[in-house]
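This report concerns only the one structure given below.
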There are 2 protein chains.
Amino acid sequence: MRERPGDNGTVPTAKKKPNVSPSPERRRELLDTAAEVFAAQGYNATTVRKIADAAGMLAGSLYYHFDSKESMLDEILATFLDELWAGYDTVLAAGLGPRETIEALVTESFREIDRHRAAVAIYQKEARTLATQPRFGYLADSQTKFEQAWLGTLERGVADGVFRADLDIRLTYRFIRDTVWVAVSWYRPGGQHSPEEIARQYLSMVLDGVAVRT
Amino acid sequence: MRERPGDNGTVPTAKKKPNVSPSPERRRELLDTAAEVFAAQGYNATTVRKIADAAGMLAGSLYYHFDSKESMLDEILATFLDELWAGYDTVLAAGLGPRETIEALVTESFREIDRHRAAVAIYQKEARTLATQPRFGYLADSQTKFEQAWLGTLERGVADGVFRADLDIRLTYRFIRDTVWVAVSWYRPGGQHSPEEIARQYLSMVLDGVAVRT
DNA sequence: CTCCTTCCCTAACAAGTGTTTGGTAGGTTA
DNA sequence: TAACCTACCAAACACTTGTTAGGGAAGGAG
C-alpha cells in the first residue's frame, strides 16, 4: 500500500535510528490511547502531554517509542487503511454483481467503523487537510482508489439496469460514501445495533428509500 | 435564540467595554475571511496570525475589532445558526405535510450550505467538542431543537403512512441529517448544480432509493 | 489650525508547544 | 558480581501561541 521510511533495512542516510528497541506491543497500546485522544479532541488540539497523561506517563517518555507526534498519527491512519483495504480488496475480488458488491462494501465499512472507531473518526476530521502534506500522500492515493471502486461499481449497476440512470452518478457516489462514514460520529461499539444490523438498515434506506411505495 | 454578553445595555460589571467603536461592516469582512481560514485549516490549527495574513494586517490589529480568537468563532457560528433557524422556523410554521416538510427542510439546508459554506464546515468539524463548553451551550440547544423538528416530522410521516414504519426512526433521522450536512465537504458555490437541484436529487435518493424499482 | 475618532502597527508578554538530553530503577544475561 | 537493555523520569530547550500596551497615520469636525 505504501512505503514507510525506515521499513527497509539499515539505510546509512537515515536521520534517526534509535539505538533502543521498544516492544511492538507497548507501541500498540500507546497508539490506541493516542487514537482515542486524537478522536475525542482533534489532532491539533491534542498535546503530547495529554496523550502522556492518558497513558500514565510523562510527555518526554513518549519519544522513547515514537519519533514524533505526527508519526503517531501516521501510524494510526496507515494501520487503519491497510486493514480497510484488505477487507475491500477481498470484496472486490469476489466477482459479485453490482448490487451485491455495494452491499458487501457497505457492510464491510460498518465493520471497520466498529473495529477502528477512533481511527475512522480521526480520518474523517483530518484527512482532507493532511492529504495535501507529502508525508500523508497515501491518503490521497487511498481516496482515488476508493472512488474508483465505488464509482465503478455504481456505473456497472447503471449499465446492468439495477441502479437508477436518472441520477448524477457522482452525486450518488458521494451520497453513499458519506452516509456510511459519518456514522462514526454517533456510532458506539456495544450499542443496541450490531454493525451488520446498521448496514442492513442503511442499505435498505439507500437502495429502496424511506418513503412508502405507492 | 441566545444571550450574548454585551448585547444588552451598559452593564457596570462588564469586563471589557472597548472605548472605541469599530465599524460593523469591517467586522463582517474580517469574520468572513476568518471563517474561510477556520474552515480550511480547522479552528485549532488556525493561528490569529494566519487570519491576520489573510486579512492583510498584523495579528495584534485583530484585537481592535474582536475580544479574542474564540469570540470570532462564536460570532461566526451564532450568526449562521440565527439565519438557519429563521429559515427552518418559517418552514415549520407553514403547516405542510410530513413529506413536504422534509423536502422543504432539506432544500432550505442546501441553501444554507450555499450561503454559509464556511460556517457550516466549521460547525461540522467543531460543534461536537465545542458544545461541551459553556460559552457554546447554544450549539447543544440548537441540536436539541434540530432533532425535535426532524424526528417529529418523521414520526408524523410514519403515522400518516407516508414513511416506512419498518426502519429504526432514530437511524433514519441521523441518516437524513448527515447526508444533508456532509455535502458541505464537497459542495462549492457556483458549481454545476444549484442548491435546489442538489436538494432535488438528494431527496429523490433518500425518499425513493437508488435501486431500480422492480 | 486643533481635536477626535478610526484603524492599524510595533514590540513585547506569559503560557504552552513539540522535542531533546542525560539520568536511573529494575530486570535479564553472562 | 558486572555488564546490559528496556522503559521511564526530570529538566530543560527553542519556538509558537493568543493577547496586550502604547503609539501613530489619516481624515473629518469644530
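The values are calculated or read from the model by the stated rules, or taken from the named source; none is laboratory data. Since this is a predicted model, take the numbers as computed values, not measurements. Neighbour counts run over all protein chains shown; Cβ positions are idealised from the backbone, glycine included.
Assess whether A:THR172 counts as being closer than 23 Å to B:SER185 by Cα, facing another protein chain (nearest Cβ under 9 Å) and surrounded by 15 or more Cβ atoms within 10 Å (Cβ to Cβ). Even if it seems obvious, please write down each step before you answer.
On the way: closer than 23 Å to B:SER185 by Cα: yes; facing another protein chain (nearest Cβ under 9 Å): yes; surrounded by 15 or more Cβ atoms within 10 Å (Cβ to Cβ): yes.
So A:THR172 fits the description; yes.
Tell me, which residue of segment A:180-193 that is touching a residue at least 12 places away in the same chain (Cβ under 8 Å) and either buried (at least 19 other Cβ atoms within 10 Å of the Cβ) or out of contact with any Asp or Glu (no Cβ under 7 Å at 6 or more places or on another chain) (or both) is nearest to the other protein chains (Cβ to nearest Cβ)? Steps first, answer last, please.
Of all residues in segment A:180-193, those touching a residue at least 12 places away in the same chain (Cβ under 8 Å) come to A:180-185, A:187-189.
Applying the additional criterion that residues be either buried (at least 19 other Cβ atoms within 10 Å of the Cβ) or out of contact with any Asp or Glu (no Cβ under 7 Å at 6 or more places or on another chain) (or both) yields A:180-185, A:187-188.
Numbers: A:VAL180: 10, A:TRP181: 8, A:VAL182: 4, A:ALA183: 7, A:VAL184: 10, A:SER185: 7, A:TYR187: 9, A:ARG188: 13 Å.
Looking at the filtered set, the residue picked out is A:VAL182.
It is to be established whether one or more residues within segment B:1-14 are part of a helix (DSSP H, G or I), over 30 Å from B:ARG177 (Cα atoms), more than 10 Å from DNA strand D (Cβ to nearest atom) and at pLDDT below 95. Walk me through how you get there before you give the answer.
At the first step, the residues of segment B:1-14 found to be part of a helix (DSSP H, G or I) are none.
No; the residues of segment B:1-14 include none that is part of a helix (DSSP H, G or I), over 30 Å from B:ARG177 (Cα atoms), more than 10 Å from DNA strand D (Cβ to nearest atom) and at pLDDT below 95.
Name the single residue, out of those in segment B:69-98 being within 14 Å of chain A (Cβ to nearest Cβ) and within 16 Å of DNA strand D (Cβ to nearest atom), that is surrounded by the most Cβ atoms within 10 Å (Cβ to Cβ). Can you show your working first?
Keep residues of segment B:69-98 that are within 14 Å of chain A (Cβ to nearest Cβ), which gives B:69-70, B:73, B:97-98.
Still in the list and also within 16 Å of DNA strand D (Cβ to nearest atom): B:69-70, B:73.
Details: B:LYS69: 18, B:GLU70: 14, B:LEU73: 23.
This residue is B:LEU73.
I'm told A:VAL48 meets every condition in (1) at pLDDT below 75; (2) surrounded by 11 or more Cβ atoms within 10 Å (Cβ to Cβ); (3) of a type in the set (A, V, I, L, M, F, W, C); (4) under 12 Å from A:PHE66 (Cα atoms) except one. Can you identify the failing condition by its number?
(1)
Test A:ASP166 against the stated conditions and say whether it is at pLDDT 95 or above, of a type in the set (Asp, Glu) and touching a Gly at 6+ places or on another chain (Cβ under 9 Å).
no
Taking segment A:198-209, which residues are facing another protein chain (nearest Cβ under 9 Å) and among the charged types (D, E, K, R)?
Just the residues of segment A:198-209 that are facing another protein chain (nearest Cβ under 9 Å), to begin with: A:198, A:201-202, A:204-209.
Passing the criteria: only A:ASP208.
Pull up segment A:41-68, narrow it to residues that are in contact with a Ser or Thr (Cβ under 8 Å, 6 or more places away or on another chain) and within 14 Å of chain B (Cβ to nearest Cβ), then point me to the one that is nearest to DNA strand D (Cβ to nearest atom).
For segment A:41-68, the residue satisfying everything is A:ALA45.
Exactly one of these conditions fails for B:THR101: (1) hydroxyl-bearing (Ser, Thr, Tyr); (2) within 16 Å of DNA strand D (Cβ to nearest atom); (3) within 14 Å of chain A (Cβ to nearest Cβ). Give me its number.
It fails just one condition, (2).
Residues to consider are A:ALA140, A:ALA149, A:ALA159; find the one that is more than 19 Å from A:LEU96 (Cβ to Cβ) and of a type in the set (A, V, I, L, M). Even if it seems obvious, please write down each step before you answer.
Details: A:ALA149 fails: more than 19 Å from A:LEU96 (Cβ to Cβ); A:ALA159 fails: more than 19 Å from A:LEU96 (Cβ to Cβ).
Just a single option satisfies the conditions, and that option is A:ALA140.
Condition check ((1) over 20 Å from the mean Cα position of the chain (by Cα); (2) within 11 Å of DNA strand C (Cβ to nearest atom); (3) touching a residue at least 40 places away in the same chain (Cβ under 8 Å)) across all residues:
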position: A:ARG49; (1), (2), (3): yes, yes, no
position: A:MET57; (1), (2), (3): yes, no, no
position: A:GLY60; (1), (2), (3): yes, yes, no
position: A:LEU73; (1), (2), (3): no, yes, yes
position: A:GLU83; (1), (2), (3): no, no, no
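When you check A:ARG177 against the structure, is it in a helix (DSSP H, G or I) and touching a residue at least 24 places away in the same chain (Cβ under 8 Å), yes or no? Talk me through it step by step, then tell me what you get.
Details: in a helix (DSSP H, G or I): yes; touching a residue at least 24 places away in the same chain (Cβ under 8 Å): yes.
The answer is yes for A:ARG177.
If a residue has to be at the interface with chain B (Cβ under 7 Å from one of its Cβ atoms) and either among the acidic types (Asp, Glu) or part of a helix (DSSP H, G or I) (or both) to count, how many in segment A:155-169 make the cut? Step through it out loud before you land on a result.
Keep residues of segment A:155-169 that are at the interface with chain B (Cβ under 7 Å from one of its Cβ atoms), which gives A:161-164, A:167-168.
After this cut, where a residue has to be either among the acidic types (Asp, Glu) or part of a helix (DSSP H, G or I) (or both) as well, the list is A:168.
Residues meeting the conditions: 1.
Hey, can you tell me all the residues within segment A:129-177 that are in contact with a Ser or Thr (Cβ under 7 Å, 6 or more places away or on another chain) and more than 19 Å from B:SER204 (Cβ to Cβ)?
The answer is A:THR153, and nothing else.
Test of understanding: among B:ALA159, B:ALA119, which residue is under 30 Å from B:ALA34 (Cβ atoms) and among the hydrophobic types (A, V, I, L, M, F, W, C)?
Details: B:ALA159 fails: under 30 Å from B:ALA34 (Cβ atoms).
Selected residue: B:ALA119, the only one of B:ALA159, B:ALA119 that is under 30 Å from B:ALA34 (Cβ atoms) and among the hydrophobic types (A, V, I, L, M, F, W, C).
Based on this model, can you work out whether B:ALA119 counts as away from chain A (no Cβ under 14 Å) and within 16 Å of DNA strand D (Cβ to nearest atom)?
On the way: away from chain A (no Cβ under 14 Å): yes; within 16 Å of DNA strand D (Cβ to nearest atom): no.
Here the answer is no, as B:ALA119 does not meet what is asked.
Can you tell me which of B:GLU83, B:GLU75, B:GLU112, B:GLU108 is over 27 Å from B:THR179 (Cβ atoms) and out of contact with any strand residue (DSSP E or B) (no Cβ under 7 Å at 6 or more places or on another chain)?
Values: B:GLU83 fails: over 27 Å from B:THR179 (Cβ atoms); B:GLU112 fails: over 27 Å from B:THR179 (Cβ atoms); B:GLU108 fails: over 27 Å from B:THR179 (Cβ atoms).
On inspection, the qualifying residue turns out to be B:GLU75.
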